[in-house]
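Just so it is clear, none of the values below were taken in a lab; they were calculated from the coordinates. Predicted model, so just to flag it, every value in this text is computed and none were measured. For neighbour counting, all protein chains shown are included, and Cβ atoms are generated from backbone atoms with ideal geometry for every residue, glycine included.
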Amino acid sequence: MQVKSLESILDTEGIVFLSYGGFLTQSLISGMVEALELEAESHGLKMNVSNNIMTVFIELAQNMMNYSKKLSTEDYTFDPKGLIIVGYDKKINDYYLYSRNLVTKEDKEKIEPKIEQVIPMDKTQLKELYRTLRKSGKHKHEKGAGIGFVEIARRSDSMQYTFEDSEVDEMFYFSYRVCIHNKQ
């Protein structure tokens, strides 16, 4: 076990409220949200910061459940596994959420334009886009890569993402980091 690596993350990134790597289910996500709520309460987070963290966490976990694939040369078998971390960076007084999972090239081509669309938008533009998408019903019943990225952008202060090549052609590691300012 690479405990020193985890200690290094804690030293550089700050407090980690939740870290999970593995198979995701809806009931597991619910349990993790409950644990996050207790952490937020015990750290005296304001309601708006806490709500933003919970909403972004749920969206990231749902994306991982909907898009994660198994690293395989035979096929792109669905495999709802990933890594998700929620923490607090004491140096800059921000909360961060980080997720990483494996996606296909097809999923990358679906996800990336959605993120690129919302990154440059301000809060007013995001609110309008969100309303438009909700009213139109567009992406309502799709699995991910729709309104969820708009919701993440609305509730966060910065977002970064990468798609890194994997050992298998047409498969990518999708990493997503979101920061939420601590407005205490």
Leu38 and Met121 label points (each 7 Å along its Cα→Cβ direction) are spaced in nm at 3.6
Long-range HN-HN contacts of Ser158 with modeled amide H, under 5 Å: Cys179
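Using R₀ = 35 Å, calculate the FRET efficiency as 1/(1 + (r/R₀)^6) where r is the Cβ-Cβ separation of Arg134 and Ser5; round to 0.05.
Details: r = 42 Å, r/R0 = 1.19.
Using R0 = 35 Å, I get an efficiency of 0.25.
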Sorted on mean Cβ neighbours within 10 Å (highest first), peptides 90-101, 52-63 come out as 52-63, 90-101
Calculated from backbone phi, Karplus (6.51, -1.76, 1.60) coupling profile of region 17-22 in Hz, x at Gly/Pro: 7, 8, 9, 8, x, x
